[in-house]
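Here is the structure we will look at, set down as structure tokens.
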Amino acid sequence: MKNLNTLLAGVFLAVALPFGALVISSQVQLGSLGRAPAEEGGPLFPSREPGLAIQGRAVYVSLGCVSCHTQQVRPAGQGSDIARGYGVRPSVARDYSQQKQVLLGDRRLGPDLANYGVRAKELAAVHEAIKHQGAFEFLYAGDKKQVASERAIALAAYLQSLRQDYSSPEAKLKQ
Amino acid sequence: MTQENRSGRPQGRPPEGDSRLTRTEAQLRGPFLLFFVSAVIWLLAASVLGVIAALQQGSLAAGPFRGCELLTYGHVAAAQRNLFVYGWGFNAFFALNLWLLSQLGRFELRNGWLATLGGAVWNLALTYGVIQIFAGNQGGFGLLEFPREVGPVLAVAFLLAGFWPIVAFARRPTGHTFASQWFVVGASFAFPLTYLLAQLLVLWQPASGVVQAIAHSWFVSNLLLLWFGASALAAVYYFLPKVLGRTISGYYLAPVGFWTFFLFASWTGPSALIGAPVPLWLQSVGVVAGAMLMVPVIVTAINFHGTLSSESGWSRAWNDTTLRFVSFGAVAFTLFGALNAIFGFRGYNAVVRFTSFASGQEQLLTYAFATMVIFGAAYFVLPRLTGSLWPSAKLVHVHFWAAALGAVATAVALLVGGYENGKQLADASVSLAQVAKAGSAWNMVLTVSAVLLLVGHVAFALNAFGMILKSSAPASAGRHD
């Protein structure tokens, strides 16, 4: 305890070992995940993101949506995610492999959005949801706030692109 | 450890200091006051934002700031947390850690301008970062929301402002070391390392997919435990024996506490990802580390509460302003450790996941523990550095009661409210609207306690700034005390 070098070496190991074991090794384990078919010859999932959805994610991030919305479905037995209709299967790491920025979130002041694209049938309903009963009307123009701005259009496209309802090698859907 | 007795003073007791301003203290007065004053200003800003965030969280649609893009909950909450952590927590511990190690190592800060420069750069980068958050240029990971160009600047500023404790430790004249020194050296070294690695993997060279979230969880646990936790523990180890005038009970355990704390803290990150789409082994490592963290928590509990329990220590602590705050913090840390271990386990965690419970735990650590300890330390250090007395005893009382009640009420609202909220969320037959309605009472409590905290901080700021202004009016009056 009197030797500075011992102290610093100990602290270095205490920080660097977990970094290696937790972060680097999970990069090794998960870093190469990509699009894959659930069965041989099947379609590849997750789909590539449309360009507008990528712009919409930037809007989602810049407004801090992640402070109230998660994007992850927990396995049955942990919470009521599947029972609440947030998804048909638990989220797996591969679902996020195409996303430049992963927004899992850790707070649910609002509903989970991992499968929002599956639930949202009509575009008008998506815009209504984005407005949050008026709190986010600044994204819309016009007297009745009916004209969506570019940001609102991109955000809606992003929200509609969110879906984890396909079969994946790690999480097969029950037929 | 064996040489400690040769220095002629009992183990577990920091060296006696002169009550007048020493050369050591005269040297660090400038940088200390810069760090401290900016810390308090940021604390006030964060408290105002805290009130706004509490109002927003309660009712998104009917809140007072509906339709205002600048003040959406996403912006305010992120700015509040960043200001509290990087503005208040870092500046205050820059000041306190520097003071502590200078005292313990009889270190004379000759290049104080470097620390001052570091402090100036740190605060400028922080201001820029917060403006960018409000301008909509924020990132998606908690406590890494600043635009990525801010990261390297903060890292350099940290090296200039926060590295002096390590220099002080290296240059200390005696072979003897004290627990406070280990914790401060550890904190000052662990943070820049963590920050650089996290910046790299989350912002500059993003890891693929969910690995970002894993790197982020590792970063947050290190920041909270190894910077806030370790720095505040160092202060408790110093002030308890110093003010009570006795040795730490069971001091021989302190090295065990130190090494186990640093050994396990950095592994606890993934316990924030239970149920997330990350490998199960990773989640289990986090849970186990959280449980193992009980070892240092128990050691510090024996050290702190043991010291306070003998010879009417509690009542003496209650009657001393510094110790009243510090022992409040010591109790909060023990509570934090216990909750952290229990609610890491999967069954309990599944209930409180995605609720305010995690914020409650963070608040216990960063406010009820670390911030209260900083307040206590300020009541000890500032009169020595400025050479004057606290202008108003009444404001000290207002400060303590507002901060203590606010801290308890916030923690209860976030923890108990979060638990209730989680219970309802786990029952799929309860609709989200019903859940929100049931939580509105807790949101009221949160708003009231945010106001209470603001009142306490204003009282503290008035008192502290009054004292600093008074002492700096005649330029050299404070030096001679």
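The values are calculated or read from the model by the stated rules, or taken from the named source; none is laboratory data. Everything quoted here is computed from the prediction, not taken from an experiment. We place every Cβ from the backbone using ideal geometry, glycine too, and count neighbours over all the protein chains shown. These area figures cover heavy atoms from the full protein model, side chains too; ligands, DNA and RNA do not enter into them. Shrake-Rupley method; radii C 1.70, N 1.55, O 1.52, S 1.80 Å.
Against chain B, whose longest principal axis is taken from its Cα atoms, helix B:372-386 shows a tilt of about 30°. Mind checking the log10 I(q)/I(0) for the protein assembly as shown at q = 0.05 Å⁻¹? Debye, one equal scatterer per Cα, no solvent, two decimals. For the protein assembly as shown at q = 0.05 Å⁻¹, log10 I(q)/I(0) is -0.23. Measuring with a 1.4 angstrom probe and ignoring ligands and nucleic acids, A:Asp95 comes out at about 10 Å² accessible. Expressed as a whole percent, the accessible surface of chain A that belongs to carbon and sulfur atoms is 57, based on a 1.4 Å probe.
Take each residue of peptide A:27-39, count the partner chain Cβ atoms within 10 Å of its Cβ, and average: the result is 3.
With q set to 0.19, 0.20, 0.21 Å⁻¹, the log10 of I(q)/I(0) for the range B:267-387, from the Debye formula over equal scatterers at the Cα positions, is -0.99, -1.04, -1.10.
With N residues in the range A:88-175, what two-decimal value do you get for its Cα radius of gyration over 2.2 N^0.38 Å? Each step should come with its number before you reach the end.
Working: Rg = 15.2 Å, N = 88, 2.2 N^0.38 = 12.1 Å.
It is 1.26.
With contacts taken as Cα pairs under 8 Å and at least 6 residues apart, the range A:103-175 reaches a relative contact order of 39 percent. Largest accessible area first, the residues B:Met467, A:Met1, B:Met444 order themselves as B:Met444, A:Met1, B:Met467 under a 1.4 Å probe with ligands, DNA and RNA left out.
Measuring nothing but how far apart in sequence close Cα pairs (under 8 Å, 6+ apart) lie, relative to its length, chain B scores a relative contact order of 16 percent. In this structure the range A:47-161 gives 43 Å² per residue of accessible area when probed at 1.4 Å with all protein chains present.
When A and B come together, around 5900 square angstrom of accessible surface is lost from both chains combined, probe 1.4 Å. A helix-only calculation puts chain B at -22500 deg cm²/dmol for mean residue ellipticity at 222 nm, using -39500 (n - 2.57) for each DSSP H run of at least four residues, averaged over all residues. Largest to smallest in accessible area, the residues B:Leu280, B:Leu28 fall in the order B:Leu280, B:Leu28 (1.4 Å probe, all protein chains included).
Across chain A the C-alpha pair distances fall into 10 Å bins from zero in the proportions 9, 30, 30, 16, 9, 5, 1, 0 percent.
Using a cut-off of 23 Å between Cα atoms, the listed pairs A:Lys100/A:Lys174; A:Lys131/B:Lys437; A:Lys121/A:Lys145 include A:Lys100/A:Lys174 as exceeding that distance. Between the range A:32-61 and the range A:96-164, the C-alpha centres lie 18 angstrom from each other.
A convex hull fitted to the Cα coordinates of the range B:329-481 yields 103 cubic angstrom per residue.
Ranking B:Gly245, B:Ala317, B:Ala46 by how far each Cα lies toward the positive end of the dipole of chain B (charges on Cβ) leaves B:Gly245 at the top. Here the spin labels are modelled as points 7 Å beyond Cα on the Cα-Cβ line, and at A:Lys2 and A:Asp165 they lie 7.0 nm apart.
In whole angstrom, how long is each semi-axis of the equivalent ellipsoid of the range B:120-231, when you take the square root of 5 times every eigenvalue of its Cα gyration tensor and sort them from largest down? Could you put the intermediate results ahead of the total?
Values: eigenvalues 168, 57, 23 Å².
With the √(5λ) rule applied to the range B:120-231, the semi-axes are 29, 17, 11 Å.
In square angstrom, what is the accessible area per residue of chain B with a 1.4 angstrom probe? Each step should come with its number before you reach the end.
Numbers: 16550 Å² over 481 residues.
Heavy-atom SASA per residue in chain B reads 34 Å².
Entry note, the range B:117-255: relative contact order of 23 percent, from Cα contacts under 8 Å with a spacing of 6+ residues.
Taking all protein chains as they are arranged and a probe of 1.4 Å, the heavy atoms of B:Phe328 leave approximately 50 Å² accessible to solvent.
According to the calculation over all Cα-Cα pairs in the range B:85-125, the P(r) per 5 Å bin from zero is 6, 22, 26, 26, 13, 6, 1 %. Packing, as the average of other Cβ atoms within 10 Å across residues, places the peptides A:35-47, B:177-189, B:66-78, B:381-393 in the order B:177-189, B:66-78, B:381-393, A:35-47, highest first.
Distance distribution note for chain B: the fraction of Cα pairs above 31 angstrom is 41%. Rolling a 1.4 angstrom probe over the range B:23-480 with all protein chains present gives an accessible area of which 70% lies on carbon and sulfur atoms.
When the Cα positions of A:Gly85, A:Tyr158, A:Val126 are compared along the charge dipole of the range A:47-161, A:Gly85 comes out farthest toward the positive end, with charges on each C-beta of Lys, Arg, Asp and Glu. The residue among B:Phe333, B:Val445, A:Pro18 whose Cα reaches farthest toward the positive pole of the charge dipole of the protein assembly as shown, with charges on the beta-carbon of Lys, Arg, Asp and Glu, is B:Phe333.
Dividing the alpha-carbon radius of gyration of the range B:24-153 by 2.2 N^0.38 Å (N being the number of residues), what value is obtained? Walk me through the numbers before you get to the answer.
Details: Rg = 17.2 Å, N = 130, 2.2 N^0.38 = 14.0 Å.
Compared with the compact-globule rule of thumb, the range B:24-153 sits at 1.23.
A loss of 50 Å² or more of accessible area (1.4 Å probe, protein heavy atoms, ligands and nucleic acids excluded) relative to the isolated chain is seen in these residues of the range B:350-366: B:Ala350, B:Phe354.
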